[in-house]
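The values are calculated or read from the model by the stated rules, or taken from the named source; none is laboratory data. Computed from a prediction, not measured in an experiment: that's the story for all the values here. Ideal geometry is used to build each Cβ from the backbone, glycine not excepted, and the neighbour counts take in all protein chains shown.
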Amino acid sequence: MGIIAPMKQINQLNLGVKYMLISSFLFALMAAFAKLSSGHMSSLEVVFFRNIFGVAIIGFAIWKSPLKNVGGKPLLLFFRGFMGFISLLAYFYNVAHISLGDAATYSKTAPIFTAIFAWAFLKEKLTLSSWFAVIVGFGGILLITKPSGIGFSKYDILGIFSGVGAALAYTSVRELKNYYDTRTIVMSFMLIGTIGPLLLLILSEYFHVSELDFMLGEFIVPKGIVWFYVAGMGILATLSQYYMTKAYGETKAGIVGAVSYTNIVFAIIVGLFLGDSLPTFITACGIVLIVFAGIIVAKQK
């Protein structure tokens, strides 16, 4: 008995790590399909197709098993979905215009911002090591963005926002899980991420502002190989989410969260096959600092 318990824990750890590695790899492949799709359509349309698959899958799950909601937080539920949508929009715009590794790194700043928002809004305590991680993380962001005399570039701002937006969405989930079924929370994101792009595509007919091209676009019906790209993106996104959920169910969140940073490595490797260049030395240092900070924050959880 004294040997069986530790062996079971090791098996669960191995399973959790394995599932998260699979999830991270699939997420990198999903980003590659998003990048390929972006060569034929706007980021708005990419977000639409990314979420429409999720609506169908979550809708089927709800149909098979009715929701169990306490309710009472509709505005917070909308906020979670809205922040998730615009964060994803910023992420996919960057996927289309910068390297997959850089886009993935920006999105992986979310845990650092989540720690700050949870401290500010949910009164969660931050240890000294967590504050250290936040400072290190911001140092990494500065190394990646390399702000010049004219400030941050458009891609830097959207990249940072993809992390901030995701962090606000994740922070709201901590409160929402006390009132809503998990599928309701996910569906709020998927529905807004499907309806939002359609509304913005309609508005794009009347507004033409080059600075806002990340949230404007023309709807183009996919043809030929593009259908394969958008279908692959939707399927891989769903599979990635599935394995991530299984990972958190098998192993401690801190370990799984730390392993999730392999997504950056996978994104860099996959990006090379799409023509991305290797990160510069300074950018690589920034990536290392963000990963280090993220792992520290994950261990606190």
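Residue by residue through region 118-136, note down the ones that are more than 30 Å from Ala32 (Cβ to Cβ) and hydrophobic (A, V, I, L, M, F, W, C). Walk me through it before giving the result.
First pass over region 118-136, keeping only residues more than 30 Å from Ala32 (Cβ to Cβ): 118-132, 134-135.
Scanning region 118-136 gives Ala118, Trp119, Ala120, Phe121, Leu122, Leu126, Leu128, Trp131, Phe132, Val134, Ile135.
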Conditions (1) assigned to a loop (DSSP other than H, G, I, E, B); (2) aromatic (Phe, Trp, Tyr); (3) under 24 Å from Thr114 (Cα atoms): number failed by Phe189: (1)
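Working only within region 195-210, note down all residues that are touching a helix residue (DSSP H, G or I) at 6+ places or on another chain (Cβ under 8 Å) and in a helix (DSSP H, G or I). Give the steps one after another, and end with the answer.
Within region 195-210, the first condition is being touching a helix residue (DSSP H, G or I) at 6+ places or on another chain (Cβ under 8 Å), and the residues that meet it are 196-198, 200-201, 204.
Once the filter is applied, which keeps residues that are touching a helix residue (DSSP H, G or I) at 6+ places or on another chain (Cβ under 8 Å) and in a helix (DSSP H, G or I), region 195-210 yields Gly196, Pro197, Leu198, Leu200, Leu201.
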Long-range neighbours under 9 Å by Cβ, at least six apart or interchain, first residue of a type in the set (Lys, Arg) within region 182-194, second in a helix (DSSP H, G or I) and surrounded by fewer than 18 Cβ atoms within 10 Å (Cβ to Cβ): Arg183/Ala61; Arg183/Ile62
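Yes/no per residue for (1) surrounded by fewer than 21 Cβ atoms within 10 Å (Cβ to Cβ); (2) in contact with a strand residue (DSSP E or B) (Cβ under 8 Å, 6 or more places away or on another chain); (3) closer than 26 Å to Gly217 by Cα:
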{"residue": "Leu100", "(1), (2), (3)": "no, no, yes"}
{"residue": "Ile112", "(1), (2), (3)": "no, no, no"}
{"residue": "Glu124", "(1), (2), (3)": "yes, no, no"}
{"residue": "Ala133", "(1), (2), (3)": "no, no, no"}
{"residue": "Asp181", "(1), (2), (3)": "yes, no, no"}
{"residue": "Ser188", "(1), (2), (3)": "no, no, yes"}
Residue within region 239-257 that is at pLDDT below 85, under 15 Å from the mean Cα position of the chain (by Cα), among the small types (Gly, Ala, Ser) and crowded, with 17+ Cβ neighbours inside 10 Å present: yes
Selection status of Leu88, under 26 Å from Phe273 (Cα atoms), outside any loop (DSSP other than H, G, I, E, B) and within 20 Å of the chain's Cα centre (by Cα): yes
Subset of region 214-230 that is without any contact (Cβ under 8 Å) to a residue 24 or more places away in the chain and in a helix (DSSP H, G or I) - its residue that is nearest to Met30 (Cα to Cα): Phe228
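Would region 79-93 turn up any residue that is surrounded by fewer than 20 Cβ atoms within 10 Å (Cβ to Cβ) and hydrophobic (A, V, I, L, M, F, W, C)?
Residues of region 79-93 that are surrounded by fewer than 20 Cβ atoms within 10 Å (Cβ to Cβ), as a first pass: 79, 82.
Going one step further and asking which of them are hydrophobic (A, V, I, L, M, F, W, C), we end up with 79, 82.
Yes: region 79-93 contains one or more residues that are surrounded by fewer than 20 Cβ atoms within 10 Å (Cβ to Cβ) and hydrophobic (A, V, I, L, M, F, W, C).
Each row is one residue, and each column tells you yes or no for (1) under 21 Å from the mean Cα position of the chain (by Cα); (2) closer than 25 Å to Met187 by Cα; (3) charged (D, E, K, R); (4) at pLDDT below 80.
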site	(1), (2), (3), (4)
Gly2	no, no, no, yes
Ile10	no, no, no, yes
Val17	yes, no, no, no
Ser23	yes, yes, no, no
Ala32	yes, yes, no, no
Ser37	yes, yes, no, no
Val47	yes, yes, no, no
Ile52	yes, yes, no, no
Val55	yes, yes, no, no
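Residues are listed down the side, and each one gets a yes or a no for (1) out of contact with any helix residue (DSSP H, G or I) (no Cβ under 6 Å at 6 or more places or on another chain); (2) not hydrophobic (A, V, I, L, M, F, W, C):
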{"site": "Phe214", "(1), (2)": "no, no"}
{"site": "Trp227", "(1), (2)": "yes, no"}
{"site": "Gly232", "(1), (2)": "no, yes"}
{"site": "Leu236", "(1), (2)": "no, no"}
{"site": "Leu239", "(1), (2)": "no, no"}
{"site": "Ile282", "(1), (2)": "no, no"}
{"site": "Val288", "(1), (2)": "yes, no"}
Per-region count, region 258-283, residues surrounded by fewer than 18 Cβ atoms within 10 Å (Cβ to Cβ) and aromatic (Phe, Trp, Tyr): 2
Pair list, Cβ < 8 Å and 6+ apart or interchain, from region 63-76 residues that are closer than 16 Å to Arg183 by Cβ to residues that are surrounded by fewer than 10 Cβ atoms within 10 Å (Cβ to Cβ): Val70/Asn178
